[in-house]
1. Filter the range 93-108 for residues that are of a type in the set (A, V, I, L, M, F, W, C) and surrounded by 16 or more Cβ atoms within 10 Å (Cβ to Cβ); which is modelled with the lowest pLDDT?
2. Which of the residues that make up the range 15-67 are aliphatic (A, V, I, L, M), in a loop (DSSP other than H, G, I, E, B) and under 17 Å from Tyr165 (Cβ atoms)?
3. Please verify whether the range 45-52 includes one or more residues that are surrounded by fewer than 18 Cβ atoms within 10 Å (Cβ to Cβ), of a type in the set (D, E, K, R), farther than 15 Å from Val168 by Cα and without any contact (Cβ under 8 Å) to a residue 60 or more places away in the chain.
4. Restricting to the range 69-126, name every residue that is in contact with a helix residue (DSSP H, G or I) (Cβ under 6 Å, 6 or more places away or on another chain), farther than 24 Å from Thr183 by Cα and of a type in the set (A, V, I, L, M).
5. Which numbered condition trips up Trp166, out of (1) among the hydrophobic types (A, V, I, L, M, F, W, C); (2) under 16 Å from Tyr120 (Cα atoms); (3) at pLDDT below 80?
6. Select, from Ala89, Ala57, Ala30, Ala77, the only residue that is out of contact with any His (no Cβ under 7 Å at 6 or more places or on another chain), assigned by TED's automatic domain parsing to the domain that holds Pro185 and modelled with pLDDT under 90.
7. Among the numbered criteria (1) touching a His at 6+ places or on another chain (Cβ under 9 Å); (2) aliphatic (A, V, I, L, M); (3) buried (at least 18 other Cβ atoms within 10 Å of the Cβ), which one does Ala21 miss?
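The values are calculated or read from the model by the stated rules, or taken from the named source; none is laboratory data. The shown structure was predicted, so the numbers you read here are calculated from the model rather than taken from an experiment. Using ideal geometry, Cβ is built from the backbone for each residue, glycine included, and neighbour counts are taken over all protein chains shown.
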Amino acid sequence: MQVQPAVRGQYEWLLLNHHYAKRVPSISHAFTLHDDAAVIGVITFGTPASRHVQMGAFPSNPGRVIELNRLCVLDSAPRNTESWFISRALKMLPPYIVVSYADTVQGHMGFVYRAANFNYAGWTDMERKTPRFDYVVPGKHSRQAFRDGNAQFTERVRRRPKVKYWIVTGDRRQRHELQKMCTWPRLSWAEYPPPTEHKHLIPANDNTAPVGKAAV
């Protein structure tokens, strides 16, 4: 198998037909996975949808934070292909702090990121004592709930957490510097396993070890 830089026309069909989100996000870097002449996977990286994500991971240089926002590999690929593909693609990126999320709504916990040596950073909204709620229009992203005049059709849904991961790219010196600058924590999966419903956690003040308490 080979990993190659790609343009949108080479991988769009994969994202629209084989990824659960069924849409193409903001993409700055994309790589396709080839088995002989066939494209069997795509991985994309882009600017996070929220500037808060970048500021939260690297306040002094948020533009150096990028999100791994799509990973799609056909089921016909060999076992462990996803983690191998991620590792190869990361080596082809410029120096970044790369963040990514595993969607618990889809039953994902991020085992593929753990296999690719990402740091585990807990879950979304773990600093909040109360959960968030989304207003959802069936069949649409939650951001569209009030954009199209369909507010009367919305459903109030308790937001499920997403599991957070991060890693750094570049040469050895660049990775060392970015590792020091990232303000996302590095938590113990065994001590703080990710929940599938909102859970409050007071994390450490640095990114080396968790300190604090967890409470439902």
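1. The extreme case among them is Ala102.
2. Hit for the range 15-67 is Ala49, nothing else.
3. Here is the first cut: in the range 45-52, the ones surrounded by fewer than 18 Cβ atoms within 10 Å (Cβ to Cβ) are 46, 49-52.
Checking the rest, the ones that are also of a type in the set (D, E, K, R) come to 51.
Those left that are additionally farther than 15 Å from Val168 by Cα: 51.
Within this subset, residues satisfying the condition of being without any contact (Cβ under 8 Å) to a residue 60 or more places away in the chain are 51.
So far as the range 45-52 goes, yes, one or more of its residues are surrounded by fewer than 18 Cβ atoms within 10 Å (Cβ to Cβ), of a type in the set (D, E, K, R), farther than 15 Å from Val168 by Cα and without any contact (Cβ under 8 Å) to a residue 60 or more places away in the chain.
4. Val73
5. Of everything listed in (1) among the hydrophobic types (A, V, I, L, M, F, W, C); (2) under 16 Å from Tyr120 (Cα atoms); (3) at pLDDT below 80, Trp166 misses just condition (3).
6. Values: Ala89 fails: modelled with pLDDT under 90; Ala57 fails: modelled with pLDDT under 90; Ala30 fails: modelled with pLDDT under 90.
Just one listed residue meets the conditions, Ala77.
7. In the conditions (1) touching a His at 6+ places or on another chain (Cβ under 9 Å); (2) aliphatic (A, V, I, L, M); (3) buried (at least 18 other Cβ atoms within 10 Å of the Cβ), Ala21 misses (3) alone.
Conditions (1) closer than 27 Å to Trp189 by Cα; (2) over 17 Å from the mean Cα position of the chain (by Cα); (3) basic (Lys, Arg), marked per residue:
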position	(1), (2), (3)
Gln2	no, yes, no
Leu14	no, yes, no
Arg23	no, no, yes
Ala37	no, yes, no
Ile40	no, yes, no
Thr47	yes, no, no
Ser83	yes, no, no
Leu90	yes, no, no
Val99	yes, no, no
